[in-house]
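Okay, so here's the structure we're looking at.
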Protein chains: 2
Amino acid sequence: MVTLAEVARHAGVSASTVSYVLSGKRSISAPTRERVEQSIKELGYHPNAGARALASSRSNIIALMVPLRTDMYVPVMMEVAIAVATTARAHGYDVLLLTGEEGPAAVRRVTGSGLADAMILMDVELEDERLPLLRDARQPTVLIGLPADTVGLTCVDLDFTATGALCAEHLAQLGHREIAVVGEAPAVYERHTGFAVRTLEGLRGRARELGLRLLHRPCEGSYESMAGALARIFDERPGTTGFVVQNEAAIDPLLSLLRRQGRAVPEDISVVAVCPDQVAAQASVRLTSVAIPAEEMGRRAVELVVAKLEGRGADEVTLLAPELTVRASSGPAPHTAP
Amino acid sequence: MVTLAEVARHAGVSASTVSYVLSGKRSISAPTRERVEQSIKELGYHPNAGARALASSRSNIIALMVPLRTDMYVPVMMEVAIAVATTARAHGYDVLLLTGEEGPAAVRRVTGSGLADAMILMDVELEDERLPLLRDARQPTVLIGLPADTVGLTCVDLDFTATGALCAEHLAQLGHREIAVVGEAPAVYERHTGFAVRTLEGLRGRARELGLRLLHRPCEGSYESMAGALARIFDERPGTTGFVVQNEAAIDPLLSLLRRQGRAVPEDISVVAVCPDQVAAQASVRLTSVAIPAEEMGRRAVELVVAKLEGRGADEVTLLAPELTVRASSGPAPHTAP
DNA sequence: CCAGATAGTCGAAGCGCTTCAACTGGCTTT
DNA sequence: AAAGCCAGTTGAAGCGCTTCGACTATCTGG
């Protein structure tokens, strides 16, 4: 193991000079800098992370807490995680991967040990038990998702309320009056996951304003559960012509089932999904959808947390405006018998 | 920040005693231990990670390099990552998430800085440029996946050759003679990804032995590309009755298309997939499949790497035996006109 | 031509922990 | 009763780095 001291000796300077060359916190003459850099290269020197962390009380690590569950939005999670890792590296940070498993204990461990300089939490619940701990942690934190009370917190999320509203508007504009919402699995609602609840609120609110009839049915991602939900929907509201799909796992089953029942998309039934663009574009019918901007959420979260680490930036809630892309799964409502 | 020294003072013992209580590396009398533990609790002490790393030259961190690309097997990646994180925690390690983006540089950074005690690499290519670096790194490494040359390396992977063979056997046993393989996207092969190549080799080898005719067609996950591939398959080999699907994104499109063409599964066409059990069970037809044991691969990788860290365990290649589960998508080959 | 600023470098004091050698006092062993 | 051993505890020496204050040499403006 090559140490700073050895580099210093090799370059004929003091240890502090080498340190300042590395950090740039003091000016160093060009010849000295070059000599030091040359020595670093020749010796193959790499600063020791532990020693650095101890001396500077900065680890250059950002902790990312991802949900343990894989009952929803796995691709979204993965995309966020990768965006976080990539963006963090671009700012000189590494990413520590924590699963939700430990819950609040993980937060305590990280904040207490100085393992990470900052934290990013995903899959925040409306009344998340980790929040009180964050409020008086030394480390700045950014949430991806929106809890019920955001006072003193920095959050990034898609504006799911607006997303719901946007879906309702799109279908209303096309003349649809009876809308079914294929929701997330019941467990997701029971967990008080913000985005699921908010999307529904947005849908309901706008539907009321526009005079739409709305029927919400939770749905596991499987084919069977979608079949069951669909049967109940048409049973209860035979006039349904518009679907909003919130659960991306339900998309393929829904399209399959509709086709099998002889209902054409978009001629008889219009479908709007809330999912990443890639998923929407790959389905058997190219789906009209509101994109979930996973990459942007991850990137923004890192940028916000880095800003806080550098003393810039304050607490704020960043809601990304939803964008609806019209593809091949939505069209004018069919004329029904008068 | 509470330090070890403060705990020692509070408990009326020396710092080293507190350290030994924490690490258990020396025997401590019960009364002393209790007093120290009490002080730790009262003061809310958490050992400082940086100081620990510096003094012990162990960071208690395992680095996990995941592929940057999301062109395949996202759920598998995610499941592996979560299993790694969970298992690592159970052994007292945290996980550092690295993306493939930096390539060999990331390996150098981690091994050089002592940021992590060990590494786990996913998505290893047959001639991976990171391998030479690993061979003489201080940190033990485990690969998930199999490079061409495994000398001096520890690897865990599903036995994809056997997997391919198993699929061929299953279909042969049911009387199928003409088999089509829906492969990964061409980019995956160009990248020399081991599992894709090996699966194919296993299929080809066994097919030859059993007298099956095999047709391999790469396929992006999209509906369009599956439609194209399928058309070409039936065009070239109208007698095809068995399908092996390697690309999990192609599963739903394939089933949809077959149904639309009036080909019944499993009456006319049998389908065997290589994918996680959850995916197989959720498809519109419950799929006969060989499971990709993502959780087990992640768990094993951590166990192997921890064993190496503790001086147990040596270099070895662990190939998990494939298991084929018969579900509703495969059945006897239809009797064709003589 | 000198006071004061500025650039460039260094020495030394830690950062909070682990671990080694050494010590103490009570036991067992012969 | 002397020798040896063991459990339990301690002091001190770092681990490799950052950073503060101090020092020297070179400029700058009045």
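Just a few scattered comments:
- For B:Ser57: the one exception among (1) over 22 Å from A:Arg52 (Cβ atoms); (2) out of contact with any helix residue (DSSP H, G or I) (no Cβ under 7 Å at 6 or more places or on another chain); (3) within 15 Å of DNA strand C (Cβ to nearest atom); (4) within 9 Å of chain A (Cβ to nearest Cβ): (1)
- Residue within segment A:141-158 that is buried (at least 22 other Cβ atoms within 10 Å of the Cβ), at pLDDT 95 or above and either more than 17 Å from the chain's Cα centre (by Cα) or aromatic (Phe, Trp, Tyr) (or both) present: no
- In this structure, A:Val2 does not satisfy being within 12 Å of DNA strand C (Cβ to nearest atom) and either assigned to a loop (DSSP other than H, G, I, E, B) or within 14 Å of chain B (Cβ to nearest Cβ) (or both).
- Exclusive hit being away from DNA strand D (no atom under 16 Å from the Cβ), surrounded by fewer than 22 Cβ atoms within 10 Å (Cβ to Cβ), of a type outside the set (Lys, Arg) and facing chain B (nearest Cβ under 9 Å), set A:Glu79, A:Glu129, A:Glu102: A:Glu102
Listed here are the residues, each with its yes/no results for (1) of a type in the set (Gly, Ala, Ser); (2) closer than 21 Å to A:Met78 by Cα.
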{"site": "A:Val290", "(1), (2)": "no, yes"}
{"site": "A:Arg300", "(1), (2)": "no, yes"}
{"site": "A:Glu303", "(1), (2)": "no, yes"}
{"site": "A:Leu309", "(1), (2)": "no, no"}
{"site": "A:Glu316", "(1), (2)": "no, no"}
{"site": "A:Leu319", "(1), (2)": "no, yes"}
{"site": "A:Pro322", "(1), (2)": "no, yes"}
{"site": "A:Ala333", "(1), (2)": "yes, no"}
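- Filter pass, B:Val181 being out of contact with any Asp or Glu (no Cβ under 7 Å at 6 or more places or on another chain) and under 19 Å from B:Thr288 (Cα atoms): yes
- Residues in segment B:90-99 that are under 16 Å from A:Leu96 (Cβ atoms) and either among the hydrophobic types (A, V, I, L, M, F, W, C) or within 7 Å of chain A (Cβ to nearest Cβ) (or both): B:Asp94, B:Val95, B:Leu96, B:Leu97, B:Leu98, B:Thr99.
- B:Arg232 vs. criteria surrounded by fewer than 18 Cβ atoms within 10 Å (Cβ to Cβ) and out of contact with any strand residue (DSSP E or B) (no Cβ under 7 Å at 6 or more places or on another chain): no
- Filter result (within 9 Å of another protein chain (Cβ to nearest Cβ) and aliphatic (A, V, I, L, M)) within segment B:64-76: B:Leu64, B:Val66, B:Leu68, B:Val74
- Only one of B:Glu34, B:Glu42 that is in contact with a His (Cβ under 9 Å, 6 or more places away or on another chain), farther than 25 Å from A:Asn60 by Cα and either away from every other protein chain (no Cβ under 11 Å) or within 11 Å of DNA strand C (Cβ to nearest atom) (or both): B:Glu42
- Scan of segment B:234-273 for residues that are of a type in the set (A, V, I, L, M) and over 28 Å from the mean Cα position of the chain (by Cα), ordered by number: B:Leu257, B:Leu258, B:Ala264, B:Val265, B:Ile269
- For segment A:138-154, the criterion of being over 30 Å from A:Gly114 (Cα atoms) and out of contact with any Cys (no Cβ under 8 Å at 6 or more places or on another chain) is satisfied by no residue at all.
- The residues on offer are A:Ser256, A:Ser270, A:Ser289, and the sole one that is surrounded by fewer than 24 Cβ atoms within 10 Å (Cβ to Cβ) and of a type in the set (Ser, Thr, Tyr) is A:Ser256.
- Inside segment A:19-31, residues that are without any contact (Cβ under 8 Å) to a residue 24 or more places away in the chain, part of a helix (DSSP H, G or I) and either more than 9 Å from DNA strand C (Cβ to nearest atom) or of a type outside the set (Phe, Trp, Tyr) (or both) make up a count of 5.
- Number of the exception - A:Ala55 against (1) touching a residue at least 12 places away in the same chain (Cβ under 8 Å); (2) small (Gly, Ala, Ser); (3) within 16 Å of DNA strand D (Cβ to nearest atom): (1)
- Test for B:Arg109: is it surrounded by fewer than 22 Cβ atoms within 10 Å (Cβ to Cβ), in contact with a Ser or Thr (Cβ under 9 Å, 6 or more places away or on another chain) and not small (Gly, Ala, Ser): no
- In segment B:236-266, the residues that are of a type outside the set (A, V, I, L, M) and touching a Cys at 6+ places or on another chain (Cβ under 7 Å): B:Asn247, B:Glu248
- Across segment B:5-18, the qualifying residues are those that are surrounded by fewer than 18 Cβ atoms within 10 Å (Cβ to Cβ) and part of a helix (DSSP H, G or I), and the one among them that is nearest to DNA strand C (Cβ to nearest atom) is B:Ser16.
- Test: A:Val124 is touching a residue at least 12 places away in the same chain (Cβ under 8 Å), buried (at least 22 other Cβ atoms within 10 Å of the Cβ) and more than 10 Å from chain B (Cβ to nearest Cβ): yes
- For segment B:19-50, filtering for residues that are within 12 Å of DNA strand D (Cβ to nearest atom), loosely packed, with under 11 Cβ neighbours inside 10 Å and either at negative phi or in the same structural domain as B:Gly92 (by TED's automatic domain parsing) (or both) leaves 6.
- Residue selection: B:Ser113 fails the criterion of being at positive phi and either touching a Gly at 6+ places or on another chain (Cβ under 7 Å) or within 7 Å of chain A (Cβ to nearest Cβ) (or both).
- Qualifying residues in segment B:176-195 (those that are out of contact with any Cys (no Cβ under 9 Å at 6 or more places or on another chain) and in a strand (DSSP E or B)) - the one modelled with the lowest pLDDT: B:Thr193
The values are calculated or read from the model by the stated rules, or taken from the named source; none is laboratory data. Everything numeric in this text was worked out from a predicted model, so none of it was measured. Positions of Cβ are backbone-derived with ideal geometry, glycine not excepted, and every protein chain shown enters the neighbour counts.
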